[in-house]
1. Given a 1.4 angstrom probe, what's the average accessible area per residue across segment 1-79, in square angstrom?
2. Average projected area of the Cα convex hull of segment 5-123, in nm²?
3. Mind running the shape call on segment 159-219? Use the C-alpha gyration tensor, a ≥ b ≥ c as the square roots of the eigenvalues: rounded below 1.5 for a/c, prolate if a/b tops b/c, oblate otherwise.
4. Tell me, how many Å apart are the Cα centres for segment 332-395 and for segment 238-289?
5. Quick one: pull the percent of accessible area on segment 459-510 belonging to carbon and sulfur, 1.4 Å probe, ligands and nucleic acids left out.
6. Tell me the Kirkwood hydrodynamic radius of the chain in angstroms, computed as one over the mean inverse distance between distinct C-alpha pairs.
7. Give me the base-10 log of I(q)/I(0) for segment 367-440 at each q in 0.11, 0.16, 0.17 Å⁻¹, Debye formula, one uniform scatterer per Cα, rounded to two decimals.
8. If you average the alpha carbon positions of segment 405-471 and of segment 75-153, how far apart do those two centres end up, in angstrom?
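The values are calculated or read from the model by the stated rules, or taken from the named source; none is laboratory data. All values derive from a computational prediction rather than experimental measurement. Here the Cβ positions follow ideal geometry from the backbone for every residue, glycine too, while neighbour counts run over all protein chains shown. The area values use the complete protein model at the heavy-atom level, side chains included, leaving out ligands, DNA and RNA. Shrake-Rupley method; radii C 1.70, N 1.55, O 1.52, S 1.80 Å.
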Amino acid sequence: MVNDQRETIEYDIIIVGAGPAGLSAAIRLKQLNSDLNIVVLEKGSEVGAHILSGAVLDPVGLNKLIPDWRSRNAPITVPVRKDKFYLLGEAGKLRIPNWPMPPLMNNHGNYIVSMSNVCRWMANEAEELGVEIFPGMACSELVIGDKSEVKGVVAGVFGLNKDGTVGENTEIGMELHGKYTFLAEGVRGSLAKQVIEKYNLSKSKEPQKFGLGMKEIWEVQTNKHHEGTVIHTMGWPLEKHAGGGSFIYHLDKNQVYIGFVVHLNYKNPYLHPYMEFQQFKHHPMVSDLLDGGKRIAYGARAISEGGYQSMPKMVAPGVVLLGCSVGMVNVPRIKGNHNAMLSGQAAAEAAHEALSNGREKDELVDYETAVRKGAIGRDLRLVRNVKPLWSKYGLSASLIGGGLDMWTNTFGFSFFGTLGHGKSDAEATEAANRHTQITYPRPDSVLSFDRLTNVSFSMTNHEENQPCHLKLYDASVPISVNLPKFSEPAQRYCPAGVYEVVQEAEPRFVINFQNCVHCKTCDIKDPSENINWVTPQGGDGPNYPNM
């Protein structure tokens with residue numbers, strides 16, 4: 001009944017997500033044909049509100065899209081001046097020299113940026129070309145046609161009752177129909193996940209792998225700030241518990257990005273990624289930098305790490321997947337924004353060609369070919385074995401074997417061929433009785449902070465009377481399965497303290513969805529694969545200022 005009551009609006013192209021991929025697609029489409037009717041739908045309260053990235057930007061994608069970006073007041077003004085790598089021990093560090101590293105690891109010519117601000121600037125560029133952009137418009141459903149093609153999306157549903165039913169204050173939203181729909185939702189997008197499953201797009205592909213990236217922005221003392229310095233570390237405190245590492249980026253205005261990535265294929269369910277991050281800041285190298293400074297922002301998000309062999313088929317009838325919806329992060333470089341931008345442009349060019357020939361709602365196979373055989377495919381193929389080497393054989397093997405493989409791949413040869421990933425990150429979690437608990441130091445509220453305090457620095461807000469957007473397929477599983485077998489790891493893997501087990505006469509699983517920063521870790525790491533992350537109503541979630 002509700003579907004029959006919804007207003008329908010027609011567009012040439014519908015783009016879900018105002019990140020670097022979606023906005024690049026919108027801009028390129030208008031460059032190719034200014035008469036095209038393009039809409040971008042963004043679930044955040046404003047463009048950039050849900051964008052979190054490291055980020056050191058390789059400008060190759062932007063150079064192609066807007067060659068004169070330097071003269072157009074783009075917020076890309078801090079070039080990388082120094083590039084350092086360290087292997088950390090508990091109290092010391094070992095500098096890894098730059099010279100043995102493959103050329104692709106060099107950050108010369110790249111920029112330290114806030115991708116949320118870059119996306120805000122790109123949105124202005126798109127609007128000047130005539131693109132319609134609607135923030136606060138979560139896309140909650142796909143619209144499927146009679147021939148099983150994607151016709152568009154449902155957006156703008158507000159005010160549902162807590163049980164998900166329509167109430168007297170509900171806005172039922174609208175259907176937006178397009179000749180093609182671009183999904184640029186970022187990592188583990190809820191609609192992209194549906195498309196991948198419906199059309200079996202991951203058939204014959206390796207499972208996608210993920211990391212959890214956590215980030216704080218700090219203002220540090222002037223004498224400790226070195227604008228343009230980029231530092232990456234591996235080792236302590238993760239060591240043998242999990243793969244991952246850190247980044248420390250000195251941008252302008254005495255600000256420093258402090259970030260920490262934990263690969264989500266870790267085995268020990270007692271691992272607490274957030275506490276690993278907080279512990280990291282007490283390393284002498286980091287604590288000295290932060291001493292006398294102040295944290296001004298916090299956020300977290302999942303990162304796609306499967307790379308070349310995990311990319312699903314990117315097209316289905318009427319729909320294409322862009323950027324991190326596919327998984328285009330170059331893991332050793334910790335970069336994916338450049339590939340996201342290139343993917344948006346490739347999709348735009350394929351769609352423009354199809355529309356020019358009178359086609360619509362078919363498979364844009366030319367887009368997939370352009371991605372796999374073009375710059376994106378070359379970028380990811382070179383590094384395809386680094387992640388599986390790290391996962392299977394540890395950090396040392398990744399440094400030595402992965403470095404060798406990147407060098408030989410530069411010349412078109414690999415000793416390893418293409419390695420597989422094996423298990424999904426959920427399947428990698430082992431039973432608690434195979435591991436010992438990990439004791440973490442308590443946060444000192446100076447360098448390290450508890451989760452709920454830090455979440456307040458993400459400016460996260462969800463209207464409490466809406467349905468919980470963290471859906472359990474089986475409400476009994478957290479207590480009946482995950483607690484006895486895995487010590488319910490949701491209590492620890494969530495970087496926002498959303499999940500807790502309340503110990504009463506009978507233990508009770510509680511979901512504090514108001515805290516959710518939309519990182520999607522629960523959708524990825526739950527060992528029973530029992531949590532489904534769906535979009536809350538539009539505008540809810542974090543409101544990142546400069547992430």
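1. Ligands and nucleic acids excluded, the figure is 38 Å² per residue.
2. Over every viewing direction, the Cα hull of segment 5-123 projects on average to 11.7 nm².
3. Here segment 159-219 falls in the oblate category.
4. 29 Å
5. Answer for segment 459-510 is 51 percent, counting heavy atoms of protein chains only.
6. Its Kirkwood hydrodynamic radius stands at 23.7 Å.
7. -0.41, -0.71, -0.76
8. 19 Å
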